[in-house]
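*Asks:* Here it is, the structure, as structure tokens.
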Amino acid sequence: MDPKDKTVLIVATSGPEAPERCTAPFFFAREAALKGARVSICFVLQSPLLLKKGFAETMYAKQGGHPLSQFIKAALRAGVELDVCDAALQMCNMTPDDLIEDVENLVGPSFLITKGLEANLVLSF
């Protein structure tokens, strides 16, 4: 199977309350993108907090590890698209101005359903 013709949707749900889970969406997204798949991460629930300006530089999945910002940058360099649910953004008391500039789209609930039905692979973290 050639991954170049495939799409991968990753749904990020965890935020700062579970630091050990926060790097996984970016790590797996990068791997899929490097194999040639078209990859997007959709941020729902508490995960938009990970994309708050200045936050990722201070977040670590484990003590002595790399900051979350390194995982985000690696995913972006590989071509991963970042989409944020606008309802989740509001739930996190954030506005679009709070997000890093690399966020591609603010999306609604139908986006996640449509994109999930179209994707060849859906992962959730």
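*Asks:* If you wrap segment 1-60's Cα atoms in a convex hull and average its projection over all directions, what's the area in nm²?
*Replies:* The Cα convex hull of segment 1-60, projected and averaged over all directions, gives 4.2 nm².
*Asks:* Next up: Net charge near Pro109, counting Lys/Arg +1 and Asp/Glu -1 over other residues with Cβ under 13 Å of its Cβ?
*Replies:* On the way: positive: Lys115; negative: Asp83, Asp86.
Summing Lys/Arg as +1 and Asp/Glu as -1 gives -1.
*Asks:* Within the chain, what percent of beta bridges assigned by DSSP are antiparallel, to the nearest 5?
*Replies:* If I count the DSSP bridges inside the chain, around 10 percent turn out antiparallel.
*Asks:* Additional query: What nm value, rounded to one decimal, do you get for the distance between Leu45 and Asn120 when each label is placed 7 Å out toward the C-beta?
*Replies:* Simple spin-label model gives 2.8 nm for this pair.
*Asks:* Taking the Cβ of Met94 as the centre, find all other residues whose Cβ is under 11 Å away and add up their charges (Lys, Arg: +1; Asp, Glu: -1). Mind dumping the intermediate values first?
*Replies:* On the way: positive: Lys52, Lys53; negative: Asp86, Asp97, Asp98.
Charge balance near Met94 sits at -1.
*Asks:* Follow-up question, since we're still on this one. When the chain is fully extended, how far beyond the present Cα-Cα distance does Arg77 get from Asp98, taking 0.36 nm per residue of separation?
*Replies:* Stretched out fully, the Arg77 to Asp98 stretch lengthens by 5.4 nm.
*Asks:* Give me the accessible area per residue for the chain, probe 1.4 Å, as a whole number in Å².
*Replies:* Heavy-atom SASA per residue in the chain reads 55 Å².
*Asks:* Could you give the nm distance between label points at Ala18 and Tyr60, where each point is 7 Å from its Cα heading toward the beta carbon?
*Replies:* 2.2 nm
*Asks:* Sorted from largest to smallest, which semi-axis lengths in Å does the alpha carbon gyration tensor of the chain give for its equivalent ellipsoid, taking the root of 5 times each eigenvalue?
*Replies:* 21, 18, 12
*Asks:* If you take every residue apart from Thr7 with its C-beta less than 11 Å away from the C-beta of Thr7, what net charge results, scoring Lys and Arg +1 and Asp and Glu -1? Write down the numbers at each step before the final one.
*Replies:* Values: positive: Lys4, Lys6, Arg38, Lys115; negative: Asp5, Glu81, Glu118.
Net charge around Thr7: +1.
*Asks:* Right, here's the next one. How large is ³J(HN,Hα), in whole Hz, for each residue of segment 83-95 in order, when computed from phi with the Karplus curve 6.51 cos²θ - 1.76 cosθ + 1.60 and θ = phi - 60°, using x for Gly and Pro?
*Replies:* 3J(HN,Hα) across segment 83-95, in whole Hz: 10, 10, 5, 5, 5, 5, 4, 5, 4, 8, 6, 10, 10.
The values are calculated or read from the model by the stated rules, or taken from the named source; none is laboratory data. Fair warning: this is a prediction, and the values are worked out from it, not measured in the lab. We place every Cβ from the backbone using ideal geometry, glycine too, and count neighbours over all the protein chains shown. The protein model used for the area step is the full one, side chains on, heavy atoms only, and it has no ligands, DNA or RNA in it. Shrake-Rupley method; radii C 1.70, N 1.55, O 1.52, S 1.80 Å.
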